[in-house]
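Engineer: One structure, pasted below without further comment.
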Amino acid sequence: MVNIRYAKNNFELGENQSVLDCLTDRGVPVPFSCRSGVCQTCLMRATGGTTPPEASQQGLKDTLKLQNYFLACVCHPTADLEAALPDDDDIQAVIPATVKSLELLNPDIMHVVLECHAPIEYRAGQFINLFQDPSLGRSYSLASVPHEDDHLHLHVRRLPQGRVSGWIHEELRPGQTVRIRGPGGDCFYTPGNAEQGLVLIGTGSGLAPLYGIIRDALGQGHTGPIRLFHGSRDLNGLYLTGELHDLVKQYPNFDYVPCLSGEAIPHNFATGRAHDVAFRHIPNLKNWRIFLCGHPEMVNMAKKNAFLAGASMKDIHADAFNVSQSS
């Protein structure tokens with residue numbers, strides 16, 4: 001007998017029955033469409049028990065496979081499996097963390113370093129939720145790298161009338177305790193194709209996850225070309241330029257192109273928006289892996305252009321930042 005545990009309830013899996021059929025037959029509202037493992041509407045995540053069968057992960061990005069995601073309609077486990085929907089907050093606990101340091105990286109972006117009170121497993125480039133109070137939190141990407149950085153590193157851009165970002169910039173102090181939940185997201189580096197070219201395009205604080213992904217890839221011995229294009233309107237929007245130029249000197253396969261879209265562009269800076277500059281530099285993206293982080297309009301446009309330039313959709317990893325006034 002095989003049991004499927006979902007939302008603290010156990011359901012016995014019938015003979016030749018998929019996880020999707022097992023749950024929906026008992027009234028559990030799991031979304032689905034094709035029932036053949038194509039549309040990925042029934043995506044779930046194994047949170048305990050056996051590892052999802054390989055056949056139930058066909059077609060998924062490697063980043064999702066590593067987090068034990070599977071397609072419920074074609075999942076036939078042979079041992080007990082605990083499952084949750086991707087957006088089920090109950091599978092992640094809220095844990096406290098101490099603010100170790102706060103430092104402005106440029107006039108609008110605060111470097112926040114957090115020491116967790118309990119271990120947290122994450123991959124560079126994922127995000128966590130940081131709460132100002134139990135009902136008010138925002139998602140921030142991780143610039144830190146496990147096993148390289150002792151604590152979690154965030155780059156928080158202050159937004160006009162931003163409730164959480166304003167609180168972080170104006171009121172948060174080292175030594176205070178905050179609450180976080182996570183990690184989440186599939187915008188991170190996966191080993192296994194060390195010679196593949198990587199293109200990373202970001203705007204503003206979208207550099208945070210890209211900085212983590214780059215250091216993670218280099219630390220894991222990635223040998224293919226790694227190209228970073230970070231954009232802003234003017235010089236004030238760029239940051240970590242010294243650290244990135246140091247990486248260029250240290251690793252011959254890494255290149256950094258700072259991009260400015262405003263007027264009077266200084267020497268040694270590319271002119272134009274980051275994604276436009278990137279596609280001018282690398283017009284053919286077939287077999288390249290793409291990471292896109294920052295303003296939603298940039299991410300959506302770059303995702304479309306990357307596909308048209310030959311990149312496979314499974315190799316395009318995107319993290320669009322919410323730039324609403326309430327952030």
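The values are calculated or read from the model by the stated rules, or taken from the named source; none is laboratory data. Quick caveat, the model's predicted, so the values are computed rather than measured. In this analysis, Cβ positions are derived from the backbone assuming ideal geometry, glycine residues included, and neighbour counts consider all displayed protein chains.
Engineer: Based on this model, can you work out whether S56 counts as of a type in the set (S, T, N, Q) and either in the same structural domain as K314 (by TED's automatic domain parsing) or assigned to a loop (DSSP other than H, G, I, E, B) (or both)? Even if it seems obvious, please write down each step before you answer.
Structural biologist: Numbers: of a type in the set (S, T, N, Q): yes; either in the same structural domain as K314 (by TED's automatic domain parsing) or assigned to a loop (DSSP other than H, G, I, E, B) (or both): no.
When the stated conditions are applied, S56 does not pass them.
Engineer: Which one of the conditions (1) among the β-branched types (V, I, T); (2) under 21 Å from the mean Cα position of the chain (by Cα); (3) farther than 24 Å from Y6 by Cβ does V99 fail to meet, given that it meets all the rest?
Structural biologist: For V99, the exception is condition (2).
Engineer: If only one of L43, L13, L23 is among the hydrophobic types (A, V, I, L, M, F, W, C), surrounded by 16 or more Cβ atoms within 10 Å (Cβ to Cβ), under 25 Å from R289 (Cβ atoms) and at pLDDT 90 or above, which one is it? I'd like the intermediate steps shown before the answer.
Structural biologist: Numbers: L13 fails: under 25 Å from R289 (Cβ atoms); L23 fails: under 25 Å from R289 (Cβ atoms).
Going through L43, L13, L23 in turn, just one is among the hydrophobic types (A, V, I, L, M, F, W, C), surrounded by 16 or more Cβ atoms within 10 Å (Cβ to Cβ), under 25 Å from R289 (Cβ atoms) and at pLDDT 90 or above: L43.
Engineer: Ok, one more. Can you tell me which residue is nearest to the chain's Cα centre (by Cα) among those in the range 251-268 that are loosely packed, with under 15 Cβ neighbours inside 10 Å and without any contact (Cβ under 8 Å) to a residue 24 or more places away in the chain?
Structural biologist: P252
Engineer: D62 - would you say it is outside the structural domain of N129 (by TED's automatic domain parsing), acidic (D, E) and under 30 Å from I290 (Cα atoms)?
Structural biologist: Values: outside the structural domain of N129 (by TED's automatic domain parsing): yes; acidic (D, E): yes; under 30 Å from I290 (Cα atoms): yes.
Yes: the conditions hold for D62.
Engineer: Do we have H147 as surrounded by fewer than 17 Cβ atoms within 10 Å (Cβ to Cβ), outside the structural domain of S232 (by TED's automatic domain parsing), touching a Cys at 6+ places or on another chain (Cβ under 9 Å) and within 22 Å of P209 (Cβ to Cβ) here?
Structural biologist: Working: surrounded by fewer than 17 Cβ atoms within 10 Å (Cβ to Cβ): yes; outside the structural domain of S232 (by TED's automatic domain parsing): yes; touching a Cys at 6+ places or on another chain (Cβ under 9 Å): no; within 22 Å of P209 (Cβ to Cβ): yes.
Here the answer is no, as H147 does not meet what is asked.
Engineer: Also, quick follow-up: Among the residues of the range 48-74, write down those that are under 23 Å from E121 (Cβ atoms), over 19 Å from the mean Cα position of the chain (by Cα) and touching a residue at least 40 places away in the same chain (Cβ under 8 Å).
Structural biologist: Within the range 48-74, G48, G49 qualify.
Engineer: Condition (residue is hydrophobic (A, V, I, L, M, F, W, C) and either assigned to a strand (DSSP E or B) or over 15 Å from V99 (Cα atoms) (or both)) applied to the range 167-177: is it met by at least one residue? Write out each step before concluding.
Structural biologist: Residues of the range 167-177 hydrophobic (A, V, I, L, M, F, W, C): 167-168, 172.
When the remaining residues are screened for being either assigned to a strand (DSSP E or B) or over 15 Å from V99 (Cα atoms) (or both), the result is none.
No: the range 167-177 contains no residue that is hydrophobic (A, V, I, L, M, F, W, C) and either assigned to a strand (DSSP E or B) or over 15 Å from V99 (Cα atoms) (or both).
Engineer: Can I ask one more? Does T78 meet the test of being in contact (Cβ under 8 Å) with a residue 40 or more places away in the chain, of a type in the set (S, T, N, Q) and assigned to a loop (DSSP other than H, G, I, E, B)? Outline the logic, then answer.
Structural biologist: On the way: in contact (Cβ under 8 Å) with a residue 40 or more places away in the chain: yes; of a type in the set (S, T, N, Q): yes; assigned to a loop (DSSP other than H, G, I, E, B): yes.
It is true that T78 is in contact (Cβ under 8 Å) with a residue 40 or more places away in the chain, of a type in the set (S, T, N, Q) and assigned to a loop (DSSP other than H, G, I, E, B).
Engineer: Among L235, L207, L244, L218, which is the only one that is out of contact with any helix residue (DSSP H, G or I) (no Cβ under 6 Å at 6 or more places or on another chain), among the hydrophobic types (A, V, I, L, M, F, W, C) and surrounded by 23 or more Cβ atoms within 10 Å (Cβ to Cβ)?
Structural biologist: On the way: L235 fails: surrounded by 23 or more Cβ atoms within 10 Å (Cβ to Cβ); L244 fails: surrounded by 23 or more Cβ atoms within 10 Å (Cβ to Cβ); L218 fails: surrounded by 23 or more Cβ atoms within 10 Å (Cβ to Cβ).
Of L235, L207, L244, L218, the one residue that is out of contact with any helix residue (DSSP H, G or I) (no Cβ under 6 Å at 6 or more places or on another chain), among the hydrophobic types (A, V, I, L, M, F, W, C) and surrounded by 23 or more Cβ atoms within 10 Å (Cβ to Cβ) is L207.
Engineer: Could we say that T47 is of a type in the set (V, I, T) and out of contact with any strand residue (DSSP E or B) (no Cβ under 9 Å at 6 or more places or on another chain) here?
Structural biologist: no
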